[in-house]
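Okay, structure first, notes after.
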Number of protein chains: 2
Amino acid sequence: MSGFRHVVMFRWAEGTTTGQQEDVAARLSELPGLIPEIQGYDMGADAGVSPGAFDFVLVADFADRDAYLVYRDHPAHREIVDGRIAPITAERAVVQYER
Amino acid sequence: MSGFRHVVMFRWAEGTTTGQQEDVAARLSELPGLIPEIQGYDMGADAGVSPGAFDFVLVADFADRDAYLVYRDHPAHREIVDGRIAPITAERAVVQYER
């Protein structure tokens, strides 16, 4: 395995509805069909095993750093981030790494 | 793909040396050989693309929640967490999810 992996976690703001969370996941799930730079795209809502866990994580794989940057700045991605994720985000944690 | 994924990020405490970080990664990398419940194990140090990023992430895959719990509580894992990771951790973020 090689490439560039982007991992991001979110803690949703108090009052965020299940519907809003499902909407984010559904919209993100459309991105691999729109952004060919995405090689792998996996996400999930926290299973409730660890106290204090964040609420949601996305693991996205790219060929290299430049491919990740194409994704990061892609209008279809920005629309979800700015329009759907940012308004319900209380906390965000991110790491990107070369594989 | 199905199973149970554990994703954890760390921000290291100020003063943590490169040697300490490499030691953690090297010791964790031995765990798949010691804990058969580990189906996938990938980790990396942050590439420095995103301001405010955490320093390190681990993505670990298991057959199910119970297999994850075996890993979580395994003495070889606990020894690294308690002896090597906890002393240098400033912040930790975690999500586990069903795939």
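May I ask you to list the residues in segment B:72-96 that are in a helix (DSSP H, G or I) and of a type outside the set (D, E, K, R)?
Restricting attention to segment B:72-96, the residues satisfying the condition of being in a helix (DSSP H, G or I) are B:72-73, B:75-88.
Correct list: B:Pro75, B:Ala76, B:His77, B:Ile80, B:Val81, B:Gly83, B:Ile85, B:Ala86, B:Pro87, B:Ile88.
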Would you be able to say whether some residue in segment B:66-86 is among the acidic types (Asp, Glu) and within 30 Å of A:Asp66 (Cβ to Cβ)? no
Residue check for B:Ser29: open to solvent by 30 Å² or more (accessible area, probe 1.4 Å), within 12 Å of another protein chain (Cβ to nearest Cβ), within 20 Å of A:Asp61 (Cβ to Cβ) and not aliphatic (A, V, I, L, M): no
Enumerate the pairs (first residue in segment A:33-44 and over 20 Å from B:Arg99 (Cα atoms); second residue anywhere and of a type in the set (Val, Ile, Thr) and open to solvent by 20 Å² or more (accessible area, probe 1.4 Å)) with beta-carbon separation below 8 Å, excluding pairs fewer than 6 apart on the same chain, so at least 6 apart or on different chains. A:Ile35/A:Val70; A:Glu37/A:Val70
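Return yes or no: is A:Arg65 within 19 Å of B:Ala53 (Cα to Cα) and open to solvent by 50 Å² or more (accessible area, probe 1.4 Å)? Don't jump to the end; show me each part of the working.
On the way: within 19 Å of B:Ala53 (Cα to Cα): yes; open to solvent by 50 Å² or more (accessible area, probe 1.4 Å): yes.
Against the criterion (within 19 Å of B:Ala53 (Cα to Cα) and open to solvent by 50 Å² or more (accessible area, probe 1.4 Å)), A:Arg65 qualifies.
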Answer yes if at least one residue in segment A:87-94 is open to solvent by less than 30 Å² (accessible area, probe 1.4 Å), among the polar types (S, T, N, Q) and within 14 Å of chain B (Cβ to nearest Cβ), and no otherwise. no
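Which of the residues that make up segment B:1-24 are in a strand (DSSP E or B) and open to solvent by less than 40 Å² (accessible area, probe 1.4 Å)?
Initially, segment B:1-24 is screened for residues in a strand (DSSP E or B), giving B:4-12.
Matches in segment B:1-24: B:Phe4, B:Arg5, B:His6, B:Val7, B:Val8, B:Met9, B:Phe10, B:Trp12.
Within segment A:32-44, which residues are small (Gly, Ala, Ser) and buried (at least 17 other Cβ atoms within 10 Å of the Cβ)?
Quick first cut of segment A:32-44, residues small (Gly, Ala, Ser) only: A:33, A:40, A:44.
Across segment A:32-44, the qualifying residue is only A:Gly44.
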Options B:Val49, B:Val8, B:Val57; residue that is within 19 Å of A:Val95 (Cα to Cα), free of Cβ contacts under 8 Å to residues at least 12 places away in the same chain, within 11 Å of chain A (Cβ to nearest Cβ) and not acidic (Asp, Glu): B:Val49
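The values are calculated or read from the model by the stated rules, or taken from the named source; none is laboratory data. What you see is a predicted model, and the numbers here were worked out from it, not measured in a lab. Neighbour counts are summed over all protein chains in view; Cβ atoms, including those assigned to glycine, are modelled from backbone coordinates with ideal geometry. Please note that ligands, DNA and RNA were not included when accessible areas were found on the heavy atoms of the full protein model with its side chains. Shrake-Rupley method; radii C 1.70, N 1.55, O 1.52, S 1.80 Å.
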